[in-house]
Amino acid sequence: MKDRAGIKPAYADVARWAEETSSDELRQRQSEAEGLFRRNGITFAVYGEGGDPERLIPFDLMPRVFCAKEWDVIERGSIQRARALNAFLNDVYGKREFIKAGKIPARLVEGNPAYEPIMQGIKPVGEIFSHIIGVDLVRTGPDEFNVLEDNCRTPSGISYVLQNREVMQRIMPGMFRSGQIRPVDHYGDMLAAAMQSVAPDDCDGRPTLAILTPGHFNSAYFEHSFLADIMGIELVEGQDLFVENDMLFMRTIRGPERIHVLYRRIDDAFLDPEAFREDSMLGVPGLMRAYKAGGVTIVNAPGAGVADDKATYVYVPEMIRFFLGEEPILPNVETWQCADESEFKYVMDNLPELVVKEVHGSGGYGMLIGPKSTKEEIAKFAELIRKNPANYIAQPTLALSTVPSLVNEGLAPRHVDLRPFVISGKGKTDLIPGGLTRVALREGSLVVNSSQGGGVKDTWVLRGERL
């Protein structure tokens, strides 16, 4: 950071601030930020490791900065991707023209654990299955961004985006006075407007919105309650709701109140014991009956996960061409499917150089990073792939970009990724100018997940090329 020769213009003022701030003051600011996180209850949960499962997510004081030109590419590409994914989902549960045209094997849809047959033939309001989509991106060159994966079910992390900004505005108020950093605090209003726009057709007044949570033991419970607070809507559990006359109601001290749009933060399997797992105590009996009858809108719709499978991911560029008639703005990372015999052979011959992931894995688990693994670890993973090739895909080990991060030794480069959150309502798809920047705080690590030692940064999008 002391040598500005390699500093991008967007980081110039941040670099100057870091140079003019002593190491002791930087650590003091970092401590203040952690204190604010702790007081605000910004935690995530990790179970099965012993000790207190509630963890304070590591926060990196140094922001990630995008100039207007860079963000324009990310914004247009993310919106394009969300539109194509929703078109694909409508097609999967509708006419299946993409499959009929030979663009994707039927087995990847019908054999997908996230495929929900009960959704076949259902057209959601506005033809939107995934109202909130998280697009995970990495920068692979000065002007190059690639999509690592899509999150179409219940993508989490937006609470960190908004809380990161609030903390930074209190820790570095001077950096925000010019107005060059675009705000993100309108996310709640944007999401509420999108949810209101997809209310059932028989809603003749202001729609009543609610967030369905599994409860306070869930790892993302902080986010559920945070979103309910900023949107001014009810946070409910399954026991608070019931279905009558194919409509969803909430129990209140004033009597039943109809819920028109339900933002669910529980998995498909637990949504409705009548339609999915009979032993679920988290969902609402009859919810799917009400949904199919048009009595309630569920955000995101059940079955949306069939679009974010890591095997399905390979076909998203073709979805963009097929459904939108456009070329992808954000390319995929090159991906080999182990289910394909020739690609399987390539993967097995090159395991030490590749990243291999479980098709249905998440959270950084169920994966092999070849260059960082021992011969024994590679051999064990090779055996897993041989036993079930269709369960794995492989990608090259990318030269992920790094950004300055505050570590114990001072400022040092660390690998990052980015998750913008795209919101789709009736007739409009949009996103706030910012996203979740996750950082691999362990030196040399490529794993950014908070459950495996990763942290978060504030993401600044500038109105111009620099502050």
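The values are calculated or read from the model by the stated rules, or taken from the named source; none is laboratory data. Keep in mind the model is a prediction, meaning the values are calculated, not measured. A quick note on method: Cβ atoms are made from the backbone with ideal geometry, for glycine too, and the neighbour counts reach across all protein chains shown. All accessible areas refer to the heavy atoms of the entire protein, side chains included, with ligands and DNA or RNA removed. Shrake-Rupley method; radii C 1.70, N 1.55, O 1.52, S 1.80 Å.
Brief remarks follow.
- Cα gyration tensor of the chain - equivalent ellipsoid semi-axes, whole Å, descending: 35, 29, 22
- In this structure, the residue pairs whose Cα-Cα separation is over 22 Å, taken from Lys426/Lys457; Lys357/Lys380; Lys123/Lys428; Lys123/Lys357, are Lys426/Lys457; Lys123/Lys357.
- Spacing of the modelled spin labels on Val407 and Ile118, each 7 Å from Cα toward Cβ, amounts to 4.8 nm.
- Net lengthening on full extension, Glu376/Asn245 (0.36 nm per residue, minus Cα-Cα): 41.2 nm
- Between Glu19 and Lys292, full extension at 0.36 nm per residue minus the direct alpha carbon distance yields a gain of 92.4 nm.
- Taking every DSSP helix (H) stretch of at least 4 residues in the chain, weighting each as -39,500 (n - 2.57) and dividing the sum by the residue count yields a mean residue ellipticity at 222 nm of -8000 deg cm²/dmol.
- If you plug the beta carbon distance of Asp189 and Arg96 into 1/(1 + (r/R0)^6) with R0 = 41 Å, you get a FRET efficiency near 0.65.
- Panel note: the C-alpha atoms of the range 271-378, placed on their principal axes, show extents of 53, 41, 23 Å (largest first).
- Among beta bridges from DSSP that stay inside the chain, the antiparallel ones total about 75%.
- Rounded if a/c under 1.5, otherwise prolate or oblate - the range 95-246, Cα gyration tensor axes: oblate
- Surface accessible to a 1.4 Å probe, per residue, for the residues of the chain, Å²: 43
- For the range 152-283, the antiparallel share of DSSP beta bridges with both residues in that region comes to about 50%.
- 3J(HN,Hα) along the range 311-316: 7, 5, 3, 4, 9, 4 Hz, from the Karplus curve 6.51 cos²θ - 1.76 cosθ + 1.60 with θ = phi - 60°, whole Hz, x for Gly and Pro.
- Normalising the average separation of contacting C-alpha pairs (under 8 angstrom, six or more residues apart) by the number of residues puts the relative contact order of the range 336-396 at 47 percent.
- Annotation for Lys103 and Asp72: the two label points, set 7 Å from Cα along the Cα-Cβ direction, are 2.8 nm apart.
- Label-point separation, Lys426 to Lys387 (7 Å along Cα→Cβ), nm: 5.0
- Mean separation of Cα contacts under 8 Å (6+ apart) over length of the chain, as relative contact order %: 24
- Subtracting the Cα-Cα distance of Arg206 and Asp143 from their residue separation scaled by 0.36 nm leaves 18.3 nm.
- Ligands, DNA and RNA left out, the 1.4 Å accessible surface of the range 336-396 is 52% carbon and sulfur atoms.
- Reach of Lys387 by Cα under 19 Å, taken over aspartates and glutamates that are not fewer than 8 positions away in the same chain: Asp340, Glu341, Glu343, Asp349, Glu358, Glu376, Glu377
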